[in-house]
Amino acid sequence: MELLVVLLQFFLSLSLLVVIHEFGHFLFARIFNIRVEKFYIFFNPGFSLFKYKPKNSDTLFGIGWLPLGGYVKIAGMIDESLDTEQMKRPVQDWEFRSKPAWQRFLVMVAGVVFNFILAIIIYSMASFHYGENYIALRDATAGMEFSPAAQKAGFQDGDILHKADDLTLEDFSEETFRAITNAETVTVIRKGEEVALPMKGDLIKDMMQEQKGFANFRIPFVLESVVEGSRAQLAGLKAGDSLISVGDSLPAYVGHCTNVFSEHKNLTVPVKVMRDNQVVEVELTPDHNGKIGVIRKSVISFYPVTTRDYSLFEAIPHGTQKCVKKFTGYANDMKYVFTSKEAVESLGGFISIGRLFPYPFYPQIFWEITAYLSVILAFMNLLPIPGLDGGHIMFLIYEMVTRRKPSQKALIRAQMIGMFILLALMLFANMNDFFRLFK
């Protein structure tokens with residue numbers, strides 16, 4: 001059931017993104033009287049799951065069986081169909097190639113623009129409907145637990161994030177993290193005192209090599225429930241138990257406990273818990289994955305949640321600003337992708353995307369993920385790789401600047417090279433997902 005719910009969310013989100021992106025191309029093609037021969041959700045090599053051509057329409061609408069995206073086949077354009085026969089015939093008024101470069105440019109950039117608009121709408125309406133719920137950093141009195149990469153940069157467990165340069169940090173969000181990584185100095189509250197940490201080195205690069213994140217809220221390890229037949233149940237742990245110590249180490253915060261369990265796979269470790277105001281000692285043996293089979297109480301059980309509401313007129317600029325920040329942040333992150341072996345191995349495909357969606361279904365989370373994927377799709381399609389919108393845009397900018405149109409032979413060759421690169425990257429990313437399943 002869990003897999004089905006996640007898959008349904010994945011395909012619903014992907015379908016929406018594809019429809020909006022391709023509709024952008026379709027709409028501007030029709031505005032300029034360019035014939036659109038096909039409008040497909042997903043690809044259809046060999047056969048289609050559904051197809052329909054309205055009466056008096058030039059466009060065949062359909063759903064393919066291969067969920068790798070979608071496409072519109074625009075007459076007189078060199079695209080992934082590589083329909084060279086059409087290009088050998090005389091140029092027609094309703095073909096893409098017959099139109100001036102600025103019109104062709106708008107047709108190609110429309111898909112990216114529509115994905116960007118979709119993200120703005122979702123972020124704006126989510127802000128208006130749900131508001132923003134977050135834990136204020138000042139209210140997390142136990143501070144944060146930091147990864148080894150963050151500790152290398154000078155952070156210590158228990159630090160409360162306070163400022164990035166002169167910017168006061170309000171919540172633990174993506175924007176907060178980016179402010180920290182771009183700051184020259186980060187100020188934390190350590191044992192009641194302000195401590196300034198000069199940001200030296202490259203925190204993001206160190207994190208990508210380590211793959212252990214930046215930080216999490218520091219909270220006690222308290223059991224919400226115990227999985228039937230798990231190592232925790234066999235050891236005698238019960239719902240409501242609060243871990244006091246694991247092994248010989250104190251204190252028993254979540255990050256510390258998780259690290260100890262990971263280091264003691266299939267090894268017995270002594271654990272002390274508080275139960276009904278009494279200390280109980282048990283012997284616990286984590287499984288081969290370092291898991292013990294419990295559901296912990298979440299961070300909102302320990303710290304108050306702050307709610308920020310937005311009117312409709314406040315939500316729209318807030319959603320726009322959020323979309324722009326997500327886009328620029330993702331673009332900034334991409335420069336690290338090929339900087340190390342670990343960063344390359346972190347690339348993921350459809351399994352990684354699917355894992356973003358929650359079980360059970362939460363509408364707010366679903367829409368937030370869909371908006372972010374729309375931002376990513378917009379960015380990826382702007383890359384100047386033939387086969388993507390960015391590749392077509394690159395050639396059109398060249399044509400508008402030089403007043404010289406690239407030859408059809410050059411465009412076809414570039415399209416083939418681009419498709420090979422895209423397929424290779426897609427295969428590599430999905431193989432990474434596949435190998436991670438067995439780690």
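The values are calculated or read from the model by the stated rules, or taken from the named source; none is laboratory data. Everything numeric here is computed off the predicted structure, so don't read it as measured data. Cβ coordinates were reconstructed from backbone atoms using ideal geometry, including for glycine residues, and neighbour counts include every protein chain displayed. Surface accessibility is based on the protein's heavy atoms, side chains included, excluding ligands, DNA and RNA. Shrake-Rupley method; radii C 1.70, N 1.55, O 1.52, S 1.80 Å.
Quick notes on this structure:
- Residue within segment 196-203 that is in contact (Cβ under 8 Å) with a residue 12 or more places away in the chain, touching a Ser or Thr at 6+ places or on another chain (Cβ under 7 Å), within 20 Å of Ala140 (Cβ to Cβ) and aliphatic (A, V, I, L, M) present: yes
- Whichever residue in segment 23-47 is modelled with pLDDT under 90 and more than 25 Å from the chain's Cα centre (by Cα) and, among such residues, is surrounded by the most Cβ atoms within 10 Å (Cβ to Cβ): Asn44
- Ile351 within 15 Å of the chain's Cα centre (by Cα) and open to solvent by 50 Å² or more (accessible area, probe 1.4 Å): yes
- Residues in segment 392-405 include none that are open to solvent by 70 Å² or more (accessible area, probe 1.4 Å), among the hydroxyl-bearing types (Ser, Thr, Tyr), free of Cβ contacts under 8 Å to residues at least 60 places away in the same chain and outside any helix (DSSP H, G or I).
- Phe357 vs. criteria in a loop (DSSP other than H, G, I, E, B), in contact with a Phe, Trp or Tyr (Cβ under 7 Å, 6 or more places away or on another chain) and either hydrophobic (A, V, I, L, M, F, W, C) or open to solvent by 70 Å² or more (accessible area, probe 1.4 Å) (or both): yes
- Asn259 being modelled with pLDDT under 90 and open to solvent by 80 Å² or more (accessible area, probe 1.4 Å): yes
- Inter-residue pairs, beta-carbon under 7 Å, first under 14 Å from Val222 (Cβ atoms) and in segment 249-273, second aromatic (Phe, Trp, Tyr) and buried (at least 21 other Cβ atoms within 10 Å of the Cβ), 6+ apart: Ala252/Phe221; Tyr253/Phe221; Val254/Phe221; Cys257/Phe221
- Selection status of Leu223, modelled with pLDDT under 95, in a strand (DSSP E or B) and touching a Ser or Thr at 6+ places or on another chain (Cβ under 8 Å): yes
For (1) in contact (Cβ under 8 Å) with a residue 12 or more places away in the chain; (2) over 15 Å from the mean Cα position of the chain (by Cα), each residue gets a yes or a no:
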site	(1), (2)
Val282	yes, yes
Arg308	yes, yes
Phe313	no, yes
Cys323	yes, no
Tyr330	yes, no
Ala371	yes, no
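- As a summary of the residue check, Met419 satisfies the conditions (1) over 18 Å from Ala101 (Cα atoms); (2) without any contact (Cβ under 8 Å) to a residue 60 or more places away in the chain except for the one numbered (2).
- Any hit, segment 361-376, residues being in contact with a strand residue (DSSP E or B) (Cβ under 8 Å, 6 or more places away or on another chain), part of a helix (DSSP H, G or I) and either over 19 Å from Asn133 (Cα atoms) or open to solvent by 60 Å² or more (accessible area, probe 1.4 Å) (or both): no
Results for (1) over 22 Å from Gly111 (Cβ atoms); (2) modelled with pLDDT of 85 or more, shown as yes or no for each residue.
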{"residue": "Ile351", "(1), (2)": "yes, no"}
{"residue": "Trp367", "(1), (2)": "no, yes"}
{"residue": "Leu373", "(1), (2)": "no, yes"}
{"residue": "Phe379", "(1), (2)": "no, yes"}
{"residue": "Leu383", "(1), (2)": "no, yes"}
{"residue": "Pro386", "(1), (2)": "no, no"}
{"residue": "Leu396", "(1), (2)": "no, yes"}
{"residue": "Ser407", "(1), (2)": "yes, no"}
{"residue": "Ala410", "(1), (2)": "yes, no"}
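- Among the residues examined, Leu388 qualifies as of a type in the set (A, V, I, L, M, F, W, C), open to solvent by less than 70 Å² (accessible area, probe 1.4 Å), under 25 Å from Lys73 (Cβ atoms) and touching a helix residue (DSSP H, G or I) at 6+ places or on another chain (Cβ under 6 Å).
- Restricting the search to helices (runs of 4 or more DSSP H) fully inside segment 95-185 and requiring at least 3 residues that are surrounded by fewer than 18 Cβ atoms within 10 Å (Cβ to Cβ), of a type in the set (Gly, Ala, Ser) and without any contact (Cβ under 8 Å) to a residue 24 or more places away in the chain gives an empty result.
- Sole exception among (1) over 12 Å from the mean Cα position of the chain (by Cα); (2) more than 18 Å from Arg178 (Cβ to Cβ); (3) open to solvent by less than 60 Å² (accessible area, probe 1.4 Å); (4) at pLDDT below 90 for Glu342, by number: (3)
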